[in-house]
Each structure stands twice: as C-alpha cells, then as structure tokens.
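Chemist: Handing you a structure now.
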Amino acid sequence: MDIVEIEKGFQETEAKIKKLAEECGNSVEIIRGGGVSDTIHFIGDTRKISEKEGYVKELPGISKIWDVSIPYKNIARVGAGKNGEVVHRSDRIIHIKGLDGLTRTIGNGKHIFIVGPDSPQTLDQTITIAKQAKAIGEKLGILDRIILRGGAFKPRTRPTDWRGMGWEGIDMLDKAKEETGIPYVTEVMDHTIAARVAEHADMIQIGTRNAQDFELLEEVGKTQKPVILKRGFGNESEEWFSAAEYIANQGNLDIILCERGVKTLFIKEGYCRNTPDYNVITHAKKKTILPVIFDPSHVAGDDKIVLQNLLGCLPFKADGSITETIHEESFRKEQKCDAAQALVMDIYEKAVKSILEYEKTIVPLISEIDSYFTQRSKH
Ligand code: PEP
Ligand code: MN
C-alpha cells in the first residue's frame, strides 16, 4: 500500500490515515487532484503500514489503494499503480537555513552555488575561502544561494594518501560557519559517525565511491539532514535513483542528486578525469522529483577546464553546482588532495557572474524552446 485515493470531502478519513501513517513511521504527501479525488502517498518504508490495508480499505471515502511497482517510489516523478493509475508529483524543494538567517533554497529554478575546498586543511584556508564566498555572495546579491563545501573525511584511492583532517576538519568548518553564517556540506563515509556529523553539518555528502553503501545511505537518511548523493562512477541511472531511495525510505526526501562524471574508456587518455553525462541531469529530473546538481571539478581534474564544464550544465537545467576552489594560488603546492582541479576564487567569481548572466539572458529563450516541445507533444 503506497498510495491511497480518497474522494474529496472525507476529512475524517484523511485525518485517520494521517494518524495511522504517523504510527507506522511514515509521513504523507497529499496531492489535491483536479477531479473528484485526492491522493495520499505514504513516504518512507511502507511495509508496516501495508499490514493495515484491510482497515484503510473500509474507511469511508476510500476509492482505491495502489501499490507502486517502481523500485524508487518515494522519489519517483510519477506515482503509477499496477492498474494504470497515474499521478504526477511536483518538484522537491529543499531549504537550508544559515546562521546568517538566510535560507538557501535548492530546486526552485535558481542555481545554487556550493563552493569551497576539496577538504579543510588549515583553519586559515577554510575561513578565508568562506569569507571570499561570502564577499562574492554579497557583491552579487546571491548570498542566499551560497553553501560552503569541504570534505573532512576523505575517500582516497590509495591507502598511503592523506585522508583528511577528520574531526579537526569538522571543527574548522564549524568555525567558518560561525564566522560567516554560511551553512556547509561535508562527506560521510562511515555509517557509524553519520549522526554525529549531522550534529555539526547542515548537509551531508555521499561520495561516488560510497554511492551504493546501503548501510551508509540508510544511516545518513535517518539523520533527516539534506543529503547530496553523488552518482556512483559506474552506476546506471536507475541504480543511482535506487540508492537515493535508501535515503528516502528513512522518510528523508531532502536529497540532491549530483552528477560528477562517470568512468569511460576515454579517461586513460588523460584529457579529463571523468566523463560528464550532462543528459542524465535531464533524465534524473524527469524520472524523479529531486533537484540535480553538477560537479565540474571531479569531471575536469584540471582547473583550466573546470569553468567550461561548469557552464556546460546550464542548458541541462542543473539546480546548482558544487565546485572545488583554492583561496590563493600559492596554497596549491601545499594542498594535499585534488589540488590540480581547484579553481582560484577570482575565477570562480567570474563563473558565478556568467551563470547569473545566463539566467537573465538565455533562460527566457530556453523557456520559449521548451514551450515549443511541450506544444508539439500535445499534438
Ligand atoms: C569530493 O567531493 O571531494 C569527492 C571525493 O567527490 P567524488 O565522490 O565525486 O569523487
Ligand atoms: Mn575532491
């Protein structure tokens, strides 16, 4: 039992269903239909509430009960029943409030700028970047669209490589947040520390290497913090959406999908680090209700091509980007992870300006093109 169709005007039944959902650990999403009925979706794991199907069926006003067969039903754009019933769900919009009192909104059609070091390495570096990001936000009037990034716990391919500052890094990010008011996102790799990290971070990232660590996905989901889920570098889109479903199954729909490039045969040729799959952004937005962002840094692997890759995601309507930066060129030789792809903040500022310019001048044209295709599909 995933979706219940209820005739309009049966408030008492609706209240009973809401109460039952709460008792079974589910939240509800109600779609007010244009016709004679509404639909109530149970969000989260529906196994327990499904045992009450007999009771729900007998409540006054219940016209249908659907089981959704799609494996990622909590995040799917279309709720489809086995007997051909269909309901379209609207975009999930995610809000993150900063200590500065500003709310960052992800998924409202405006590009969200997630920016910062690959990893916090020194307090000075972390705070300086946060301040630079704040200055850009203030100067361009988009401080409410800026979020800080930084991985304190680093997944590294080689065990001999530096693995981040750990809790000390979290402490640096906390200080940068206190100093600037900007919320931050940081990666979690170990499910046993998810809850503790969530006490500090405003948002949690699951990296490409752990994109199918199902225990991790569940624990991070349980924190109820917004989660950036990077696409596993070898994952098909449905595997990616199903990974997101592990988070959603915990009742947490605040998930942001992030395309960061996939491994292809071309990578050994060395002209980029990962192959960007821009089209998957469109696909993910069509198949799921979640916002989708783009990571140009891990696609590029080289700061000379980060900007181009970042701008490349705009026509595909990414809801934002996550970009690695460096506070000053001289730090590059000291940076222990992903130094080659870090964009200096001056160039990042130009990227932000280009994106804002794009929103002003090109987005209206793209909307016109969209309406052509929408019209055409009606005929
Ligand atoms: C990162 O964001 O620094 C990172 C490790 O990303 P990914 O998991 O995409 O490689
Ligand atoms: Mn990195």
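Chemist: Quick one: what are the phi-derived ³J(HN,Hα) couplings along the range 114-122, Karplus 6.51/-1.76/1.60 with θ = phi - 60°, whole Hz, x for glycine and proline?
Modeler: 9, 8, x, x, 3, 8, x, 10, 10
Chemist: Note the angle between two axes, namely the Cα long axis of helix 11-23 and the longest principal axis of the Cα atoms of the chain, as a number of degrees from 0 to 90, rounded to the nearest 10.
Modeler: Result, in degrees: 50.
Chemist: For the pair Lys333 and Thr192, what calculated FRET efficiency results from E = 1/(1 + (r/R0)^6), where r is the Cβ-Cβ distance and R0 = 25 Å, to the nearest 0.05?
Modeler: On the way: r = 35 Å, r/R0 = 1.40.
The formula returns an efficiency of 0.10 here.
Chemist: Next up: Can you pull the Kirkwood radius for the chain, inverse mean 1/r over Cα pairs, to one decimal in Å? Walk me through the intermediate numbers first.
Modeler: Numbers: mean 1/r = 0.0459 Å⁻¹.
The answer is 21.8 Å.
Chemist: Got a sec to turn the phi values of the range 40-52 into Karplus ³J(HN,Hα) couplings, 6.51 cos²θ - 1.76 cosθ + 1.60 with θ = phi - 60°, whole Hz, x for Gly and Pro?
Modeler: Karplus values, whole Hz, x for Gly and Pro: 10, 9, 8, 9, x, 6, 9, 5, 5, 5, 4, 5, 9.
Chemist: With everything on Cα atoms, drop me the angle between helix 237-248 and the longest principal axis of the chain, reported from 0 to 90° to the nearest 10.
Modeler: Compared with the principal axis, the helix lies near 80 degrees.
Chemist: Going through the range 17-56, which GluC sites (Glu not before Pro) have at most 15 other Cβ atoms within 10 Å and a DSSP loop state?
Modeler: Values: sites: Glu22, Glu23, Glu29, Glu51, Glu53; in loops: Glu51.
Counting only loop positions with at most 15 other Cβ atoms within 10 Å, the GluC sites (Glu not before Pro) in the range 17-56 are Glu51.
Chemist: Starting from the range 284-336, pick out the GluC sites (Glu not before Pro) whose DSSP state is loop and whose Cβ has at most 16 other Cβ atoms within 10 Å.
Modeler: Values: sites: Glu324, Glu328, Glu329, Glu334; in loops: Glu328, Glu334.
When the GluC sites (Glu not before Pro) of the range 284-336 are filtered for loop state and at most 16 Cβ neighbours within 10 Å, Glu328, Glu334 remain.
Chemist: Filter the trypsin sites (Lys or Arg not before Pro) in the range 73-137 down to the DSSP loop ones having no more than 12 other Cβ atoms within 10 Å, then list what survives. Before the final figure, lay out the partial values.
Modeler: Values: sites: Lys73, Arg77, Lys82, Arg89, Arg92, Lys97, Arg104, Lys110, Lys131, Lys134; in loops: Lys73, Arg77, Lys82, Arg89, Arg92, Lys110.
Loop-located and lightly packed - Lys82.
Chemist: Enumerate the amide H contacts of Val262 below 5 Å, restricted to partners 5 or more residues apart or on another chain; note that Pro and chain-start residues carry no placed amide H.
Modeler: Sorted by chain and number, the residues that satisfy this are Thr275, Asp277.
Chemist: Based on the Cβ-Cβ distance of Phe373 and Ile267, what FRET efficiency does E = 1/(1 + (r/R0)^6) give at R0 = 25 Å, to the nearest 0.05?
Modeler: Values: r = 33 Å, r/R0 = 1.33.
Plugging the Cβ-Cβ distance into 1/(1 + (r/R0)^6) gives 0.15.
Chemist: Something else about it: Using a 7 Å offset from the Cα along the Cα-to-Cβ direction at both Ser50 and Leu140, what is the distance between the two label points in nm, to one decimal?
Modeler: Between Ser50 and Leu140, the label points sit 4.7 nm apart.
Chemist: What do you get when you divide the Cα radius of gyration of the range 3-88 by 2.2 N^0.38 Å, with N the number of residues? Walk me through the intermediate numbers first.
Modeler: Working: Rg = 11.9 Å, N = 86, 2.2 N^0.38 = 12.0 Å.
The value comes to 0.99.
Chemist: Also: 5 Å is the cut-off here: which amide hydrogens, built 1.01 Å from N in the peptide plane, fall below it relative to Arg104, excluding neighbours closer than 5 in sequence?
Modeler: Distant-sequence amide H within range of Arg104: Ile96, Lys97, Gly98.
Since every read-out is calculated from the coordinates, none of them should be taken as a lab result. None of these values were measured; they are calculated from a predicted model. Backbone-built Cβ (ideal geometry, glycine too); neighbour counts: all protein chains shown.
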